[in-house]
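First up is the structure itself, then whatever we jot down about it.
Bear in mind that the values in this text are calculations on the coordinates, not laboratory data. A quick note: this is a predicted structure, and the numbers were derived from the prediction, not measured. Quick reminder, even Gly has a Cβ in these numbers, built from the backbone with ideal geometry, and neighbours come from all protein chains shown.
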Amino acid sequence: MSLASDSMHILIAGGGYAGIQTTLGLEQLFKENYPKIQLIDKNIYHTLLPSLPEILSKRGFSIIYYKDIIQGKKINFIQAHIVDVDLDKKLVFTTNPSYRLGYDFLVLSLGSRPFLPNIPGLREHSFQFNSVENAKKIAERLSSKDMIDATENINIIIGGGGATGVEVAGEIASLIKKRNQQYNNIKVILISPDLLVGFPTHTKNWVRAYLEALNVELLLGNEYYITEVKSDLVCLRNGRTIRTTMLIWAGGVTALPLPQQVGLKTGYNGRVVVNKFLQAEGRKNVFILGDAALILNNKGYPVPTTAYFAEQHGKIAAQNIYSMIKDQGRTMKEYKVESPWLDNFAISIGSDLAVSRIRGLDLYGYSASKVKKLIKMKYLKDLKK
């Protein structure tokens with residue numbers, strides 16, 4: 001016997017890639033007797049995370065407002081910050097404004113926060129890169145008068161050699177190259193123990209070649225680990241110090257503390273242990289998605305925190321919640337990593353160059369850049385269906 005849809009309350013906490021896919025998927029699945037579908041996010045907009053580097057050179061756009069996504073749909077949006085969850089009483093507590101919201105099904109897709117290792121001075125003297133606000137602050141600094149008019153040499157250091165660090169370094173270096181007369185004394189330096197860990201060797205080689213063609217200095221290896229950050233100086237493990245005008249930290253992400261604080265079982269990097277249906281252990285009415293979920297691939301490694309996987313999580317969660325309401329879960333779908341994560345990625349290096357692999361097809365340079373732009377356009381089109 002199925003539950004009455006119209007008496008159900010589904011609460012989606014977090015409007016990132018996983019949360020928005022769950023919300024839209026549920027709205028499409030229910031043809032009648034709609035449950036109450038409520039989306040909560042601290043912002044009034046959905047962030048296109050892969051497009052954040054574009055803010056640095058003030059090209060493209062990186063947000064779409066929730067009101068434009070849910071227009072004409074049976075979805076209620078609340079802008080609020082979630083501060084607590086009572087899993088036993090099925091209540092979510094928020095602030096700004098203050099709400100206490102009940103639910104029958106809860107989807108936690110709250111995203112992540114920057115991973116900040118215990119490096120003296122890092123928090124105080126670095127720009128983090130994980131939000132629209134952070135990116136805008138960096139863009140303002142890059143276009144500030146003291147940066148443009150500086151007579152001394154300027155070093156912009158990127159800490160972290162993952163996909164985000166590569167994209168940030170490429171975007172800034174591309175901007176400098178295009179505005180050479182304004183930024184002729186600025187140098188971009190990327191510092192990391194390694195470059196694109198886990199990516200194919202030929203992808204790394206192309207990225208390295210593109211960055212070096214943009215005059216990015218690459219300091220790669222354990223001896224270049226950052227040990228201390230001062231207001232105008234970065235200290236490395238090998239004893240070298242580098243004068244810096246700006247340090248941008250792109251050293252990965254870690255899970256938010258809320259899921260662990262409310263009693264959910266967590267594992268690697270604070271991510272919540274989930275079953276094959278993406279439900280939290282011991283809580284069949286609570287789904288954990290995106291960066292917060294600990295999901296292992298076929299090699300036993302945690303699935304990376306990317307928009308690609310978050311979208312998949314959202315689609316499966318929507319189907320499973322629908323099944324639990326309509327047929328007591330008989331048609332729930334398992335979440336499976338269909339292929340190794342490296343079969344799907346696109347990394348931009350400035351506005352014109354990229355490397356990508358889509359379903360096993362590798363592209364480089366201008367063609368890869370066009371593919372990434374097409375992926376963005378398709379995603380936006382699908383949001384507004």
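Kindly state, as a whole number, the per residue volume in cubic angstrom of the convex hull around the alpha carbon atoms of segment 217-342.
Value for segment 217-342: 153 Å³ per residue.
log10 I(q)/I(0), Debye, Cα-only the chain, no solvent, q = 0.06, 0.08, 0.09, 0.13 Å⁻¹?
Debye intensities relative to I(0), on a log10 scale: -0.25, -0.44, -0.56, -1.10.
Could you order the peptides 356-367, 269-280, 19-30, 59-70 from most to least packed, using the average number of other C-beta atoms within 10 Å per residue?
19-30, 269-280, 59-70, 356-367
Percent of Cα-Cα pairs more than 16 Å apart in segment 261-328, please.
For segment 261-328, the share of Cα pairs beyond 16 Å comes to 46 percent.
Report D for segment 109-257 in µm² per second (integer): Stokes-Einstein, Kirkwood Rh on Cα pairs, 4 °C, 1.567 mPa s.
For these conditions, the coefficient is 82 µm²/s.
Over all alpha-carbon pairs in segment 122-169, figure out the percentage whose distance exceeds 15 Å.
54 percent
Less than 18 Å from a label point 7 Å out along the Cα-to-Cβ axis of Lys67: which backbone N atoms in segment 22-54 qualify, by residue?
It comes to 39-47, nothing else.
As a check on your grasp of the helix formula, calculate [θ] at 222 nm for the chain: sum -39500 (n - 2.57) over DSSP H runs of n ≥ 4, divide by the residue count, round to the nearest 500.
Result for the chain: -8500 deg cm²/dmol, rounded to the nearest 500.
Efficiency by 1/(1 + (r/R0)^6): what FRET value for Asn180 and Asp362, r their Cβ-Cβ distance, R0 = 30 Å, to the nearest 0.05?
Rounded to the nearest 0.05, the efficiency is 0.45.
Enter the Cα centre distance for the pair segment 107-148 and segment 19-46, rounded to the nearest angstrom.
So the separation of the two Cα centres works out to 30 Å.
Can you check how the C-alpha radius of gyration of segment 84-138 compares to 2.2 N^0.38 Å, as a plain ratio?
Rg over 2.2 N^0.38 Å, computed on Cα atoms: 1.66.
Which links in Lys299/Lys336; Lys42/Lys284; Lys336/Lys370; Lys58/Lys187; Lys177/Lys376 stretch past 23 Å when you go from one Cα to the other?
Pairs exceeding the cut-off: Lys42/Lys284; Lys336/Lys370; Lys177/Lys376.
Could you please rank Tyr224, Tyr99, Tyr45, placing first whichever residue has the fewest other Cβ atoms within 10 Å of its Cβ?
Values: Tyr224 21, Tyr99 14, Tyr45 17.
Fewest to most other Cβ atoms nearby, the residues stand as Tyr99, Tyr45, Tyr224.
Tell me, what is the FRET efficiency for Leu233 and Arg59 to the nearest 0.05, using R0 = 30 angstrom and their Cβ-Cβ distance as r?
Using R0 = 30 Å, I get an efficiency of 0.40.
When Lys and Arg each count +1 and Asp and Glu each count -1, what net charge do the other residues less than 13 Å away from Phe287, Cβ to Cβ, add up to? Each step should come with its number before you reach the end.
On the way: positive: Lys276, Arg283, Lys284, Lys315, Lys333; negative: Asp104, Glu281.
Once positives and negatives cancel, what remains is +3.
As a test, work out the antiparallel percent of DSSP beta bridges whose residues both lie in the chain, rounded to the nearest 5.
50 percent
Taking +1 at the Cβ of each Lys and Arg and -1 at the Cβ of each Asp and Glu, which of Ser109, Gly121, Leu142 sits farthest along the dipole of segment 106-149 towards its positive end, judged by Cα position relative to the Cα centre?
Ser109
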